[in-house]
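Input: a single structure, listed below in structure tokens.
The values are calculated or read from the model by the stated rules, or taken from the named source; none is laboratory data. Everything numeric here is computed off the predicted structure, so don't read it as measured data. Cβ: placed from backbone, ideal geometry, glycine included. Neighbour counts: every protein chain shown.
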Amino acid sequence: MIEAVLFDLDGTLLDRRATFRRHLDLQLARHPGVFRPKEASHYVARLLELDENGSLDRDRFYASAEAEFDLGPGSAAVLKEDFEAHFPEECIPLPNVHETLRELRTMGIALGLITNGRGLIQGRKIRGLSLATAFDVVVISDDFGYRKPDRRIFEHAVSQLGVPSAGAAYVGDNPAPDVTGARLAGLHPIWRRDDFWPAPADADHVIDDLLEVLPWVRKRQR
């Protein structure tokens, strides 16, 4: 019987690609002297490719951008500082985030969030999505000391919720840290389909919209 549902953040609740595209457009406007204006659209398209769906370390990402586009010395540092200052407040949620969480709550399901990243940045994203009070427990890897797919971060979260691993589901988009990590910790992994990643073979359920979590959970409450 499912007693708790936990979620990943980036790519699962946060529309990472749409948010990053918005951020790049606004970043260009904030720093017109860094990029050549006539090539702005090319920069945005190429930077979205370099981003690797958020999986590339930000220092490496901006260093690559500075080198590839022959930007002025120090541009990487300027752009990274701008990212950290503004990206969390430019967040775009995926469809039906709030509706799904509200309905799970009405069903008596405990809610949690497990995300890799720095506490300050991830916390600001959560607030930017108006989710600061949505969860019973939030575990951020850099605060906890272990990152997904390490089973300890999942085990810690479900222990904080007071439910067994077998009574919890975990929803995420990235197969390695989310699906495999949850499986290793004994949770039921639900993959939110994202064609950027290869489809995992070990998900209990696959969804395209967060609302599709609800009927899956209802069947396991009977």
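Residues that are in a helix (DSSP H, G or I) and surrounded by fewer than 16 Cβ atoms within 10 Å (Cβ to Cβ) were ranked within the stretch 65-81; the one that is nearest to the chain's Cα centre (by Cα) is GLU81.
Looking at this structure, is THR133 under 20 Å from LEU14 (Cα atoms), modelled with pLDDT of 95 or more and not basic (Lys, Arg)? When the stated conditions are applied, THR133 passes them. Restricting attention to the stretch 10-31, the residues that are outside any helix (DSSP H, G or I), of a type outside the set (D, E, K, R) and closer than 16 Å to PHE196 by Cβ add up to 3. Only one of the numbered conditions (1) free of Cβ contacts under 8 Å to residues at least 12 places away in the same chain; (2) under 22 Å from PHE83 (Cβ atoms) is not met by ASP143, and that is (1). The requirement of being among the aromatic types (Phe, Trp, Tyr) and crowded, with 21+ Cβ neighbours inside 10 Å is satisfied by TYR170. Return yes when ILE190 is more than 18 Å from GLY54 (Cβ to Cβ), crowded, with 17+ Cβ neighbours inside 10 Å and modelled with pLDDT of 95 or more and no when it is not. It is true that ILE190 is more than 18 Å from GLY54 (Cβ to Cβ), crowded, with 17+ Cβ neighbours inside 10 Å and modelled with pLDDT of 95 or more. In the stretch 147-167, the residue that is surrounded by the most Cβ atoms within 10 Å (Cβ to Cβ) out of those that are in a loop (DSSP other than H, G, I, E, B) and not aliphatic (A, V, I, L, M) is LYS148. Test ARG127 against the stated conditions and say whether it is part of a loop (DSSP other than H, G, I, E, B) and over 12 Å from PHE7 (Cα atoms). For ARG127, the condition - part of a loop (DSSP other than H, G, I, E, B) and over 12 Å from PHE7 (Cα atoms) - is not met.
Screening VAL34 against (1) outside any helix (DSSP H, G or I); (2) at pLDDT 90 or above; (3) among the β-branched types (Val, Ile, Thr); (4) outside the structural domain of ASN174 (by TED's automatic domain parsing) leaves a single unmet condition, (2).
May I ask you to verify whether PHE144 is touching a His at 6+ places or on another chain (Cβ under 8 Å), hydrophobic (A, V, I, L, M, F, W, C) and surrounded by fewer than 21 Cβ atoms within 10 Å (Cβ to Cβ)? The answer is yes for PHE144.
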